[in-house]
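Remarks on the structure that follows.
The values are calculated or read from the model by the stated rules, or taken from the named source; none is laboratory data. The structure presented is a predicted model; accordingly, all values stated were derived computationally and were not measured. Cβ sites come from the backbone with ideal geometry, for glycine too, and all protein chains shown count toward neighbours. Surface accessibility is based on the protein's heavy atoms, side chains included, excluding ligands, DNA and RNA. Shrake-Rupley method; radii C 1.70, N 1.55, O 1.52, S 1.80 Å.
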Amino acid sequence: MARSPVVDEPADVPPASSASAPSGERSRWRHLLLLWAGTIIVALALVVQVFAYRFDRWASEPQLRSIYEFACGVIGCELPEPGTDGPAGDS
């Protein structure tokens with residue numbers, strides 16, 4: 001007759017995963033965190049696209065030029081000369 005192996009674990013010890021928050025709650029928080037992170041990334045991408053689309057005109061505006069100077073220092077672009085409105089026909 002074969003004997004079954006003996007297990008030396010007490011029966012009243014809960015599994016290690018139940019010591020922290022329940023799995024459903026962690027999943028919900030992870031989902032919310034990913035949702036917020038995605039929303040912020042999409043919003044920043046939209047702002048960058050608007051600034052890139054209006055680059056020639058807005059880079060010539062005195063109020064916005066400092067923002068474009070900083071951005072061009074980071075990414076290495078060239079600003080148009082102050083006082084020019086960019087290419088003809090830009091509206």
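Could you pull the accessible area for Ile41 with a 1.4 Å probe, rounded to 10 Å²?
Ile41 has an accessible surface of roughly 110 Å² with all protein chains in place.
Taking the Cβ-Cβ separation of Ala43 and Leu79 as r and a Förster radius of 22 Å, what is the calculated FRET efficiency to the nearest 0.05?
On the way: r = 25 Å, r/R0 = 1.14.
Step by step, r from the Cβ atoms, then E = 0.30.
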